[in-house]
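Quick note: the coordinates plus some simple rules give every number you see, no bench work behind them. What you are looking at is a predicted structure, and each value in this text was computed from that prediction instead of being measured. Neighbour counts are summed over all protein chains in view; Cβ atoms, including those assigned to glycine, are modelled from backbone coordinates with ideal geometry.
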Amino acid sequence: MKKIIYTLLLLFPLSLLAAGNGVKLQSVDIDLDDFASIQRGAKHYVTYCLGCHSAKYMRYKRIAMDLEVDEAIMLAEIAPEGANIYDQMHTAMNARDSKKWFGVIPPDLSLIGRSRGGDWLYSYLKGFYVDNSKPLGVNNTVFKDVGMPNVLWKLQGTQEPVIESVHGQDVVTFLKLQNDGTLSAKEFDTMITELVNFLVYVGEPVQLKRLQMGKYVLFFLLMFTVIAYLLKKEYWKDVH
């Protein structure tokens, strides 16, 4: 019992820090049954993320199979020009150049959905704001001193922080839209949801099949419980 209590006490502060910098995460509606949403998210990823970030554990062939998309459509509408259906999702950026430009090689995002979770990704992608004290001119509410540029600023517009003093420290309490983007706030939220939906799927593609199979397993267990109960009553009816 002492070990259990000690473990829970260790996990409790980790859960508080999971948001990153004490920021409350925004909630995102992940729906892995919505193949159209994941497909659009894949297109967003190729358009805006693949230039720097690979997802090397995923192949275009696997995406087409899982999402029930024709391979020709996958190559024409989602995969980058010249890609083969069996290719992994590798970035075209040279590692040496990326380290020179950003100071670090951009991480592979194959497992980011599992390691960070959908809410963190959603909040992070919406959390960029103007910070001229930083080399790239931006900062992030979830990932302080982020080394990534806001590649979606044209779509979202630019945000400025509203800073308040909390317990003697300057804290970004919320973000205010400074300049409009090409998408409305609702359209941008939908796009980010689709992108995060895709990243959560990529983090564990097998969960599509696991979730479907889970329904049949639960049904089997329910039927087995009923049969076992009836069998028990039959065996014990003559026992006094």
The range 106-132 versus the range 155-200: alpha-carbon centroid distance in Å: 12 Å
When the chain is modelled as a GNM with alpha-carbon springs shorter than 10 Å, which of Leu183, Leu136, Leu222 fluctuates the most? Leu222
Which of rounded, prolate, oblate describes the range 83-142, given a ≥ b ≥ c as roots of the alpha-carbon gyration tensor eigenvalues and a/c under 1.5 marking rounded, otherwise prolate only if a/b is larger than b/c? oblate
Considering amide H positions built from the backbone, and no H for Pro or chain starts, which residues 5 or more places from Val146, or on another chain, come under 5 Å of its amide H? Asn140
With Cα springs under 10 Å, the Gaussian network model of the chain assigns the largest mean-square fluctuation among Lys186, Lys61, Lys126 to Lys186
Under 1.5 on a/c is rounded, so check that first for the range 34-132, then, if it is not, pick prolate when a/b is larger than b/c and oblate when it is not; a ≥ b ≥ c are the square roots of the alpha carbon gyration tensor eigenvalues. oblate
Everything considered on the Cα gyration tensor (a ≥ b ≥ c; rounded for a/c under 1.5, else prolate if a/b is larger than b/c, else oblate), the range 117-170 must be described as oblate
Helix-only [θ] at 222 nm, the chain, -39500 (n - 2.57) per DSSP H run of 4+, per residue, nearest 500, equals -14500 deg cm²/dmol
Whole-Å semi-axes of the ellipsoid equivalent to the chain (Cα gyration tensor, √5λ, descending): 40, 28, 17
Considering only Cα-Cα distances, which of the following residue pairs are longer than 27 Å: Lys100/Lys144; Lys144/Lys209; Lys99/Lys144; Lys99/Lys134; Lys56/Lys126; Lys209/Lys233? Lys144/Lys209; Lys209/Lys233
Relative contact order, percent, the chain [alpha-carbon distance under 8 Å, six or more residues apart]: 23 percent
Once amide H atoms are built 1.01 Å from N in the peptide plane, which residues 5 or more positions from Tyr57, or in another chain, come under 5 Å H to H? Ser110
Mind checking which aspartates and glutamates have their Cα closer than 16 Å to the Cα of Lys154? Skip sequence neighbours fewer than 8 apart in that chain. Asp180, Glu187, Asp189
Selection from Phe174, Ile192, Pro161, by position along the positive dipole direction of the range 156-209 (Cβ): Ile192
Identify which of Tyr216, Tyr86, Tyr122 has the largest mean-square fluctuation in a Gaussian network model of the chain, with springs joining Cα atoms closer than 10 Å. Tyr216
